[in-house]
Structures are given as C-alpha cells and as structure tokens.
Amino acid sequence: MTELLTSPPAPPARPRAKRGEGQWALGYREPLNKNEQTKKDDNPLNVRARILHTYSRLGFDSIDPADLRGRFRWMGLYTQRAPGFDGGKTAVLSEEELDARFFMMRVRTDGTLLDAAAVRALGSVGVDFARDTADVTDRQNIQYHWIRIEDVPEIWERLEAAGLSTLEACGDSPRPFLGSPLAGVAADEIIDGTPALEEINRRYIGDPEYANLPRKFKTALTGHPSHDVSPETNDISFVGTVHPEHGPGFDLWVGGGLSTNPMLAQKLGVWIPLEEVADAWAGVAAVFRDYGYRRLRNRARLKYLVADWGVERFREVLETEYLQRRLVDCDSPVSPRAHRDHIGVHDQVDGLKYVGVAPVVGRISGETLLALADVIEEFGLAGARLTAYQKIVLLGADPARIEDLVARLDSIGLSARPSGWRQNTMACTGIEFCKLAIVDTKNRARDLVAELEQRRPDLDVPISINVNGCPNACARTQVADIGLKGQLVMHEGRQVEGFQVHLGGATGIDAGFGRKLRAHKVTSEGLGDYVDNVVTHYLAGRTGADEPFA
Ligand code: SF4
C-alpha cells in the first residue's frame, strides 16, 4: 500500500492524435472504403449511358459488379431480393446469393403535382414492366419491383415524357425531396415552397458537383403549419416561418436521421426568403460533401457532423465558407401536435376541395394508378400529390361532386374515410423485395390493419404503427406511437419472425424517440394481441379522451 502511495505519478497520457474521418476539406481525398473507391473510380452519374447502350442490350450478366451494387443506385435502381429466403438468410448469404436478377426502381416525385398524364405513365410502367407492382413510399416516391434491365430505357422514356425521373432516387446523393402535399392550396399555408424545390431540382439534381456525397442526403420542405414532411427526420429541412419584419420565409433544420443511431434535426433559428432557399440548400449540401465523414459508412450521415460540431459552428461554417453572408435570425416556428397526412375532404383556399386517401400501407398497383388517372380526368381534378405517410392527396375537386368522387376513389381501393388503423399504419418494403430485411412487413401490416379494424373499430384516438423489416428504419420506427423493428425472436425454443417494439415515439411538439423496452419483443404472429393489449392498457390508464397515446 505504502509503496503504491510513494510511487512516482504516471506520466500524463499523451493526447491521442485525432484520426481523420475522410473529410475532403481536411485533405483526406484518398478513398477509405469500397464505396468511396467506387465513386472515385467513376462518377456514378456516368452509369446511365452504360445502362442505355450496353447493359440493357446485353442483359443482367453483362453488368459490372461495381455498377450493379453501387452506381445503379444513382439511377434509382437496387437489386431485388430473390424470393424464398427467410430472414435468417439475410445475415448468412452474400448479396449475390440473395439476388433475384431483377430490380427495384424508385421514381422521385419531389412533392410535385402529378397530372393525369403523369399518373397514367406511372401506372403503365407498373402494368407493362413491373408485374403490376407500385408502392407509395414515405419519401413520396413510386417504387416498382420485378424490373428487368432490358426494359429500363423504355421505362425512362415513358417517365421522362411525363416529366418524371429516377435520377439520384438512391445512392450517396440528394435523394428525392419531401414537399407539402398542400403547397399552393392550403388556406392556412405560411408560404408555398414549390418554386424553391423546383429550383433545387433544376440546378442540382444530376450535377456532378453534388453527386458524390458521403452518404444519402434527404431533403424536406414545407410551408404548411402542420409540418407535413417529417422535418425532424431529414438531413436538411426548410420549415415555413414568419419573420416579424420580413414576412414569410423558412427556418433551416439540419442533421435529422433515424436508422440505428437516431437523431432529430436541429433548428438553426434563421429566416431564409423563398428566393434564397436553393442557395442555402447548396451550401448545406456542400458542407456535408466537404466536411462529412467518409471513413466509416455508419458515421457518414450529416447528423454525426452536426452532433459533433453543434448548430452554432455548423451555421458559422455555412455562413462564412459557403454563403459569404450572415443569415437573418428568427425564432423557429412552434411544432404542431396534429397529424399531418391530410386524409379526408377539406377546403382549399380557392373554394375547391382536396381529398386525402389512404391505400393500405402504401401498397397500390399499376392498375390502381391507371384507374386514378381516369378519375383525375373524369372529375377535372388538378392532380395528385404523394405524402410522407404513404398516402395520396387529390387537389382541385368540385365541392358539388365530392360524394361521387369519394365513392369512385373508394371503388379503386383509395379510401378518403379510412379506419384510424388504416390511416395511421405504415410499412417499409420488407422481406418480399428488400435484401436487408429480416421479416415480412407489407403483408403483415396489411393483415394487422384488418385484424385491428375488427377488434377495435371504434378507437377514438389515432395510434401510429410503423412496421420496419430491419434496424434501418425506412418507415421511421422510432417516431411512431408503436414502432416495430423487424428481427428474429425466440418462441417456444425456435427463432421466428418478430419485432422489437419502440413505444411512445412522436414528431411535432412532443418529438422524441419511442422507448425500446427489452421485454417488448413480439412474434409476428402475436402482433395483433400485443397491440390490443397495449391499447387496453392505455385506455384503462388515461384520464380523458383527449389524452394522447404517447
Ligand atoms: Fe429494407 Fe430495412 Fe429499409 Fe425495411 S427498414 S426497407 S427491411 S432496409
């Protein structure tokens, strides 16, 4: 003991040299992993020409593996999971072994209004090339499956003729934008952000300067007070706000993202006028490109940089190095509590109506889209917008024909008066097509909705259920009342499909992540009983009908 007390003190630990994380701005230009190498070897945008002129002619086996599993994503193409492999195989088999030799294709809509011609083009692609598949995703994309490489040129031709594109719908690039489905028609809109989204798209999508980002870069923009684009969970969000002197504009939020290490976007507390949004977007994208972490893929999202720097430093770098001006300070808008999917029949500012409809967990079909195009024409509607909740909003309806319209939409599977369960349940792609999936999601969620509609038809409070096939949280696991993360769980001594439950997550004024309760692991088969029990518990404990579930 004495000896210990009298020993000379240990020399102070030498400060560890800070290891670079692959930030280009700090001189780390050499690729530090396979993904970075692939991007450096050839700009991913160049793969379009090879698809058009080589791969579509010579077939699947002619595709360079670096294109197939890397650069194709910049064209909205992912390889599709082969049918017949259970979730246990996801970790065991290689990507090649899981290949179906078909593609999943995403079409970006970027919050634009889809007229009848665009909806018809989307439907015809589903029917003619995708075995009648078409899903509405929570990023306002239409997603197809079973696409053959031979058909891609004709698909692009049809889509591009209708003003649509798959460019940078995936990959380490500016992914599809979320825009307010009510832009330009809502009576309570703060500002219509449509021109800004169009400007960003026109200037930067397909621009090689912004096509090699450290990781995906998700954009949301809304001028609606309901914050209907999930701004908390995007890398960059512009959210409508009113400056006391300058009037309507946008605050800038940065660094949101879910997956395995979820973070909510942080508000800069600034005011950006409509005409400067595109510049601000480019500035943030460039900060991400130059200072983002490229060494480790699981540290590469913008949220890690924002978390390390803090918003003050982030803003300072943005202003001094990229915008060359100070942004105007402004109190950030208060986040709402209300749901944001715009389901039902509502007034527009111009005396017409809009109608929000709910497919079941975003699953529609090419035929449904063709029928929807007919409805748009027949009722003289302005068109359709997709929502960030796997729903569709139809704009410009004549108030005198609303009931006929609602009935017609219902007849094609698009309900304007859905049950709360149908309205508030989302599901990601899952094991049917996604190679990363561990469990089935779409079919399980569809059956769950039907079961809960039977068991609890009159529940008077909305409860959101987000069903995800793996930890990647594409359907926003952590911000649902009941968030479900697919995994294998033990049941009667064997592994079966199931979910880890996250309870009580939310966006808006109560934004926060659901609690992950160790004991709350449920088999896929037992999901209906589990939700019913949770609801029973909530109803027994609440003090009034206005007490939210979360
Ligand atoms: Fe696939 Fe997982 Fe995303 Fe679902 S959450 S679509 S299973 S990666």
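Every read-out reported here was derived from the displayed coordinates using simple, explicitly stated rules and does not represent laboratory data. These figures come from a predicted structure and were not determined experimentally. Here the Cβ is made from the backbone with ideal geometry for all residues, glycine too, and neighbour counts use every protein chain on show.
Which entries in the list LYS218/LYS485; LYS40/LYS303; LYS40/LYS216; LYS218/LYS521; LYS40/LYS516 go over 28 Å, if you measure between the two C-alpha atoms of each?
In this structure, LYS218/LYS521; LYS40/LYS516 lie more than 28 Å apart at Cα.
Each Cα pair under 8 Å and six or more residues apart adds its sequence gap; the mean of these over the residue count of the range 483-550 is a relative contact order of 26 percent. All other residues whose Cβ lies under 13 angstrom from that of ALA116 are scored, Lys and Arg at +1 and Asp and Glu at -1, for a net of -3.
Counting pairs of alpha carbon atoms under 8 Å apart in space and at least six apart in sequence, what relative contact order in percent does the range 250-298 give?
On the way: 39 pairs, mean separation 14.4, N = 49.
Relative contact order here is 29 percent.
Distance from the Cα centroid of the range 266-281 to that of the range 306-357 is 9 Å (rounded to whole angstrom).
Cross-link partners of LYS353 among lysines, defined as those whose alpha carbon lies under 28 angstrom from its own and excluding same-chain residues fewer than eight positions apart: LYS391. The longest part of the chain holding none of the exposed loop GluC sites (Glu not before Pro), meaning those outside H, G, I, E and B in DSSP with at most 15 other Cβ atoms within 10 Å, is 246-491.
Summing -39500 (n - 2.57) over the DSSP H runs of n ≥ 4 in the chain and dividing by its residue number, what mean residue ellipticity at 222 nm do you reach, to the nearest 500 deg cm²/dmol? Result for the chain: -7500 deg cm²/dmol, rounded to the nearest 500.
For the chain, DSSP calls about 80 percent of its internal beta bridges antiparallel. Scanning the chain for cysteines with no neighbouring cysteine C-beta under 4.7 angstrom from their C-beta gives CYS170, CYS330, CYS434, CYS470.
First measure r as the distance between the Cβ atoms of GLU30 and GLU403, then evaluate 1/(1 + (r/R0)^6) with R0 = 45 Å and state the FRET efficiency to the nearest 0.05.
Details: r = 65 Å, r/R0 = 1.43.
Efficiency at R0 = 45 Å is approximately 0.10.
For the chain, the spread of Cα coordinates along the three principal axes comes to 89, 61, 61 Å, biggest extent given first.
How many angstrom separate the Cα center of the range 214-265 from the Cα center of the range 381-398? The range 214-265 and the range 381-398 have Cα centres spaced 21 Å from each other. Computed over the chain, relative contact order equals 13 percent, with contacts defined as Cα pairs under 8 Å that lie 6+ residues apart.
Rounded to the nearest 5, the antiparallel percentage of DSSP beta bridges internal to the range 466-517 is 80%. Other residues within the sphere of radius under 14 Å centred on the Cβ of ASP251, judged by their own Cβ, net out at -2 (K and R +1, D and E -1).
Please identify the trypsin sites (Lys or Arg not before Pro) of the range 331-387 that satisfy two criteria: DSSP loop assignment and at most 14 other Cβ atoms within 10 Å. Which are they? Display every interim value, and only then the final one.
Working: sites: ARG337, ARG340, LYS353, ARG363, ARG385; in loops: ARG337, ARG340.
Those satisfying the criteria are ARG337.
Neighbour counting of Cβ atoms within 10 Å sorts the residues THR109, THR368, fewest neighbours leading, into THR368, THR109.
What number comes out for the charge environment of ASP207, summing +1 per Lys or Arg and -1 per Asp or Glu over other residues with Cβ under 13 Å away? Could the numbers behind the result be given before it?
Details: positive: ARG202, ARG203, ARG289; negative: GLU168, GLU199, GLU209.
Charge balance in the 13 Å sphere: 0.
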